[in-house]
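Report on one structure; see the data block that follows.
Each reported figure results from applying straightforward, stated rules to the coordinates on display, with no laboratory input. All figures in this text were calculated on a predicted structure; none of them were measured in a lab. Here the Cβ is made from the backbone with ideal geometry for all residues, glycine too, and neighbour counts use every protein chain on show.
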Amino acid sequence: MSKIADLFKVEGYGVAVTGGASGIGLGYAEAMASNGARVTLLDVNAERVAAEVKRLAEAGMDVRGAVVDVTDHKALDAAIDEAAQTYGKLDVVFANAGIDPGVGFVGAWAGAARPRLEEGMIENYADERWQRVIDINLTGVFATVRAAARHMRPRKSGRIIVTTSLADVRIEPAIGAAYMAAKAGAAIFARNMALELAAYGVNVNAISPGYIITNIGDGHALNPEEQKAVAKMVPQHRVGWPRDFYGIALFLASHASDYITGQEIVVDGGWGLGFAD
Ligand SMILES: NC(=O)c1ccc[n+]([C@@H]2O[C@H](COP(=O)([O-])OP(=O)(O)OC[C@H]3O[C@@H](n4cnc5c(N)ncnc54)[C@H](O)[C@@H]3O)[C@@H](O)[C@H]2O)c1
């Protein structure tokens, strides 16, 4: 038998990551690119795309970027086609772009006072916010998986990894209804796609994060006070960081997970198990 570590190799892989210019998506991208994969960051934030491509390229990684909104399906198709053309194939796609559900979210998570809850209550939740959350966090996943499948199914090879959320398995009061609905939909959709593509060498799995320090929701998680409040509720007594996703990204992107499809792996320090002291 060859070395077990060889199973985790992603060297030379062609990879695309939506929402790849920040947070968890950037973590996936770094895990791939620092292990020799060729990675395209697809993100709506032009400044971040430019800055992160520059930073990673200067560190010697094979990374390119494209500015694209996952709700613009034509543009998304074109960007994923271009990545596949650049690499001559598409081995791995992370359907990761997502936004927070707006007010009501943070107050509930921090556990104590809920200063902004009123505005986020279902009676006051705006159509526009609902639609935008669904368009990006659910329909954007559909469009990304569809674009990826067009390249992967004919080659009978590929990996699709969807970022869901602990919010789809653990129901919290007022964690923005649209977000839970979108993420739960994305989790079911990923399983559905796993079944559809299983006979074609394309595995579809989901990664479900707990509370991770990123720029989501205007960067509310960057606040150390909020981090402390949440850490108390996490059984491991700490919050998560994008680096906590390096291992799982490598596992699900590589041959190490050949016989695993349709799964959702929770990365949350045990939060989903229940409240810690
Ligand atoms: N941070 C957490 O605690 C947490 C928990 C559970 C799930 N998630 C999920 O993780 C994923 C990544 O979020 P993050 O926390 O890293 O946030 P982030 O804001 O740091 O990164 C998300 C990236 O997606 C991009 N993006 C947003 N809308 C887009 C669009 N329409 N088209 C293309 N790109 C778009 C943003 O510009 C940003 O660069 C999301 O799906 C989010 O729901 C995050």
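In this structure, the amide hydrogen of A276, modeled 1.01 Å from its nitrogen in the peptide plane, lies closer than 5 angstrom to those of V234, counting only residues at least 5 positions away or on a different chain. 3J(HN,Hα) couplings calculated from phi for segment 83-96 with the Karplus curve 6.51 cos²θ - 1.76 cosθ + 1.60 (θ = phi - 60°) are, in sequence order, 4, 5, 5, 4, 8, x, 4, 9, 8, 9, 10, 9, 8, 10 Hz; Gly and Pro show x. Overall, the anisotropy analysis places segment 149-277 in the prolate class: the square-rooted eigenvalues a ≥ b ≥ c of its C-alpha gyration tensor yield a/c not less than 1.5, with a/b exceeding b/c.
Per DSSP H run of at least 4 residues, take -39500 (n - 2.57); add these up for the chain, divide by its residues and hand me the 222 nm value, nearest 500 deg cm²/dmol. Spell out each step's value before the answer.
Values: 11 runs with 114 residues, N = 277.
After summing the helix terms and dividing by the residues of the chain, the value is -12000 deg cm²/dmol.
Which value, in debye to the nearest 20, describes the size of the charge dipole of segment 4-267 about its Cα centre when Lys and Arg Cβ atoms bear +1, Asp and Glu Cβ atoms bear -1, and nothing else is charged? Please report the intermediate quantities before stating the final value.
Working: 25 positive and 30 negative charges, 128 e Å.
Dipole magnitude for segment 4-267 comes out near 620 debye.
Taking amide H as placed 1.01 Å from N in the peptide plane, the amide H of Q263 sits under 5 Å from that of A206, each at least 5 places away or on another chain. Database remark: amide H of T164 closer than 5 angstrom to the amide H of I207, S208 (H placed geometrically; neighbours at sequence offset of 5 or more, or on other chains; Pro and chain starts carry no H). Annotated for the chain: lysine pairs at least 8 residues apart or interchain, Cα distance under 20 Å, count 4.
Largest first and in whole Å, the equivalent-ellipsoid semi-axes of the chain read 30, 20, 19, each the square root of five times a Cα gyration tensor eigenvalue.
Estimated from the Cβ-Cβ distance and a Förster radius of 22 angstrom, the FRET efficiency linking I122 and I188 is about 0.50.
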